[in-house]
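Report on the structure given below.
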Amino acid sequence: MNKRQTAKFNSFFATEILTAANNLVWALLTAFGNAFGVLKTKLGDIEDQLEIQEKIITGYASDKRIKRQSMTDGAMRAKGAVQAYASDQNDMTLYNSVNYAESSILFGRTTASRTKAQIIHDAAEGIIGSLAPYGLLPADQTDYQLKIDAFAGVMSMPKEQRALVASATMQIRKLMKECDSILKTKMDKLMVNFKAIAPSFYNSYFNTRKIDNAPTSFTEIRATVKNKTTQELLEGVEMKAESGVKVYTDTSDVTGTADVKKISPLTYTVTFTMARFVTVVLTNVDLSPGELKKLAVEMMPV
């Protein structure tokens with residue numbers, strides 16, 4: 001689920017817990033009980049779909065991690081043999097051609113990791129007849145290539161698994177809309193029956209819906225900008241928040257405040273620019289639905 005869906009699901013789940021705890025209040029209101037029963041079923045269905053997604057994604061990630069580790073182990077063994085041989089031959093070109101750090105293969109970008117592993121394999125393959133004294137035999141090379149191929153096979157999630165994840169995503173989206181409808185068109189409407197007889201339940205119910213339901217709150221970035229040297233508030237600083245999807249801008253006022261409201265809950269790069277000051281760039285500014293992100297920014301005069 002994305003952040004917006006997670007916020008909604010948390011709201012739905014909190015509403016379910018609260019309502020269940022007050023069952024004696026609404027037990028005789030049949031329509032409310034029926035709607036609540038359907039909500040519970042659909043929330044259970046969402047959890048089932050989430051479990052499907054988690055099993056597929058977790059299983060795939062685990063398999064990929066194991067195969068990458070196996071490939072990396074093979075790479076380091078072949079690299080060691082090649083470099084030891086190259087050192088004896090005083091062949092620094094060969095030595096450097098396989099001089100990749102273990103971490104770059106184990107933790108690097110998927111495609112780059114496989115490419116580096118293959119380069120090491122091919123370098124060893126070209127001199128395999130000379131590598132037995134260094135602990136590398138043709139059979140080892142064959143096994144190493146199989147490890148590279150095995151990792152290549154899991155570099156991207158298989159089509160069948162992607163289809164299952166996509167299907168679960170569609171089901172979650174559909175179920176979320178149905179839960180939304182049950183709450184807004186049925187349960188919320190019937191809560192008026194409890195306003196007088198159970199005010200605590202009534203108030204808690206709507207507080208829960210209001211606080212955790214993402215669309216009810218602004219998602220906002222608010223920055224206070226100062227001169228780093230003098231600590232004076234800066235007016236006229238342009239703040240630009242970029243997510244790769246949308247761009248939001250504002251200019252700081254006399255209080256040094258720049259503010260963008262009602263923005264999408266995404267991850268932003270926020271840039272502050274002003275003549276005669278060094279530009280400040282903040283990366284990975286992550287906003288949850290309804291969050292007010294406060295930034296304190298100090299700009300150094302040029």
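The single condition among (1) surrounded by 17 or more Cβ atoms within 10 Å (Cβ to Cβ); (2) aromatic (Phe, Trp, Tyr); (3) not in a strand (DSSP E or B) that Tyr268 does not satisfy is (3). How many residues are at pLDDT 85 or above, open to solvent by 80 Å² or more (accessible area, probe 1.4 Å) and within 22 Å of Ser156 (Cβ to Cβ) when one looks only at region 44-56? Residues flagged as at pLDDT 85 or above, open to solvent by 80 Å² or more (accessible area, probe 1.4 Å) and within 22 Å of Ser156 (Cβ to Cβ) within region 44-56 amount to 1.
What about Gln83, is it in a helix (DSSP H, G or I), buried (at least 16 other Cβ atoms within 10 Å of the Cβ), modelled with pLDDT of 95 or more and not hydrophobic (A, V, I, L, M, F, W, C)? The answer is yes for Gln83. Val260 meets the conditions (1) surrounded by 15 or more Cβ atoms within 10 Å (Cβ to Cβ); (2) within 21 Å of the chain's Cα centre (by Cα); (3) within 28 Å of Asn10 (Cα to Cα) in every case but one. The failed one is (2). Which members of region 122-156 meet the condition of being closer than 21 Å to Gly59 by Cα, in a loop (DSSP other than H, G, I, E, B) and either among the charged types (D, E, K, R) or open to solvent by 40 Å² or more (accessible area, probe 1.4 Å) (or both)? Scanning region 122-156 gives Gly153, Met155, Ser156. Evaluation of Arg162 against the conditions (1) open to solvent by less than 60 Å² (accessible area, probe 1.4 Å); (2) without any contact (Cβ under 8 Å) to a residue 24 or more places away in the chain shows that the sole unmet condition is (1).
Filtering region 279-297 to residues that are hydrophobic (A, V, I, L, M, F, W, C) and either loosely packed, with under 13 Cβ neighbours inside 10 Å or in contact with a His (Cβ under 6 Å, 6 or more places away or on another chain) (or both) leaves Val281, Ala296. Scan region 245-253 and tell me whether some residue there is surrounded by fewer than 16 Cβ atoms within 10 Å (Cβ to Cβ), modelled with pLDDT under 90, assigned to a loop (DSSP other than H, G, I, E, B) and over 23 Å from the mean Cα position of the chain (by Cα). Yes: one or more hits. Report yes if Ile148 is β-branched (Val, Ile, Thr) and modelled with pLDDT of 90 or more, otherwise no. The answer is yes for Ile148. The set of residues in region 1-48 being in contact (Cβ under 8 Å) with a residue 24 or more places away in the chain, within 29 Å of Asp286 (Cα to Cα) and among the charged types (D, E, K, R) consists of Lys3, Arg4, Lys8, Glu16. In region 92-113, what residues are part of a helix (DSSP H, G or I) and modelled with pLDDT of 95 or more? Across region 92-113, the qualifying residues are Met92, Thr93, Leu94, Tyr95, Asn96, Ser97. For the structure I just gave you, tell me whether Ile119 is part of a helix (DSSP H, G or I) and more than 30 Å from Arg209 (Cα to Cα). Against the criterion (part of a helix (DSSP H, G or I) and more than 30 Å from Arg209 (Cα to Cα)), Ile119 qualifies.
Among the residues of region 134-152, those identified as out of contact with any helix residue (DSSP H, G or I) (no Cβ under 6 Å at 6 or more places or on another chain) and without any contact (Cβ under 8 Å) to a residue 12 or more places away in the chain are Leu137, Ala139, Thr142, Leu146, Asp149.
The values are calculated or read from the model by the stated rules, or taken from the named source; none is laboratory data. The structure displayed is predicted, hence computed values, not measured ones. When we count neighbours, we look across all protein chains shown, and the Cβ atoms used for this are built from the backbone with ideal geometry, even at glycine. Just the protein is used for accessible areas: all its heavy atoms, side chains included, with ligands, DNA and RNA removed. Shrake-Rupley method; radii C 1.70, N 1.55, O 1.52, S 1.80 Å.
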